[in-house]
1. What does the accessible area per residue of the chain come to in Å², with a 1.4 Å probe and no ligands, DNA or RNA counted?
2. Averaging sequence separations of C-alpha pairs under 8 Å and six or more residues apart, then dividing by the length of the stretch 76-230, give the relative contact order as a whole percent.
3. Counting Lys +1, Arg +1, Asp -1, Glu -1, what net charge surrounds Pro87 among other residues with beta carbon under 15 Å of its beta carbon?
4. How large is the helix-only mean residue ellipticity at 222 nm for the chain, computed as the sum of -39500 (n - 2.57) over DSSP H runs with n ≥ 4, divided by its residue count, in deg cm²/dmol to the nearest 500?
5. One quarter of the convex hull surface, Cα atoms only: what value does that give for the stretch 170-292 in nm²?
6. Between the stretch 38-88 and the stretch 185-252, what's the alpha-carbon centroid distance in Å?
7. Per residue of the stretch 223-235, what does 6.51 cos²θ - 1.76 cosθ + 1.60 with θ = phi - 60° give for ³J(HN,Hα)? Whole Hz please, x for Gly and Pro, Karplus curve as stated.
8. Over the alpha-carbon set of the chain, work out the extent along each principal axis and list the three values in angstrom, largest first.
Amino acid sequence: MPPRSPLPARHGLSAAWLRTPDTDRSRPVAWATMGAWLRDRLPEHVDVPGMLADQRFVDADGRPVRDDDPYAPHRFVWFHRDLREEPEVPGAIHVVHRDERLVVVDKPPFLSSIPRGRHVMQSVVVRLRAELGLPELSPLHRLDRVTSGLLMLATEARWRGPYQTAFERREVRKTYWALAPLRPDLALPVVVRNHIRKERGSWQAQVVPDAPVNAETLVELEREVDGRGVYRLSPRTGRTHQLRLHLLGLGIPIVDDPLYPDVLDVEVDDVSRPLQLLAGELAFTDPVDGSPRLFRSVRRLPLPPGG
């Protein structure tokens, strides 16, 4: 882990950091200067010369790293990334609950939970750190950017441990709802059990036949809406894209899914067709004070464009 950052947070985000490698006496040093190392280390789209000229790279003491500084091993460098202008994601972030330890929000589709890739300012964490004045706010579980509904966050780093442990031990009951086609020949309720694997760099996850079960979902038909079914989904595990793959395997892919059954060519900022999947309920016994907790989404299916 690096020392404490010499740069303050910006837009609720901590500065990024890099570290030069340790010295390997069996190999010559590949870089004469820190500028050469930074050019080699960072992607081509990063304007390293411009950032060096503007003194945007600093060392552990907060001193600017200069282009011609001699290269040194095991040296930490901090900087703030350039951010693109992001279109505002439509739809409200409803604060369902807030107390000393927890914030539970109901997020619209297309809003990232955490700052990641091309979605930084338009993320729950960055927006709410500023709006709620909680600089340490952080999510306790995952929720895909295209999925709507409940996301639980810790107000401070000291509260993360017990709640993350509750999620890891599957002590938090999650309930989702999905809009999908009706299949009169499909016997419901049904428990789908299989093995799901997602390779790094691949858009889609895959079901691996004959592998040990690592994904399980109870699927129930709750009601019909305009010739489609609203399905209640109770996952007993939390694999990536589990619910989307399980409904696809039943022959009822979720409406407006951009990845299943086929990866669609959708612009990164296109918010016209929300995935019809809603994280609708969270229920658990609070690991800190033992109280029962139950949170419900204020949204309902079908989700309209604009969240």
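1. 55 Å²
2. About 15 percent, as a whole number.
3. -2
4. Working: 5 runs with 40 residues, N = 307.
Rounded to the nearest 500, the figure is -3500 deg cm²/dmol.
5. Working: hull surface 39.8 nm².
Computing the convex hull of the Cα atoms and averaging its projections yields 9.9 nm².
6. 44 Å
7. Listing the rounded values in order: 6, 10, 9, 6, x, 10, x, 9, 9, 8, 10, 10, x Hz.
8. Taking max minus min along each principal axis of the Cα atoms, the chain gives 71, 42, 38 Å.
The values are calculated or read from the model by the stated rules, or taken from the named source; none is laboratory data. Predicted model, so just to flag it, every value in this text is computed and none were measured. Neighbour counts are summed over all protein chains in view; Cβ atoms, including those assigned to glycine, are modelled from backbone coordinates with ideal geometry. To get the accessible areas, we keep the full protein, side chains included, count just its heavy atoms, and leave off ligands, DNA and RNA. Shrake-Rupley method; radii C 1.70, N 1.55, O 1.52, S 1.80 Å.
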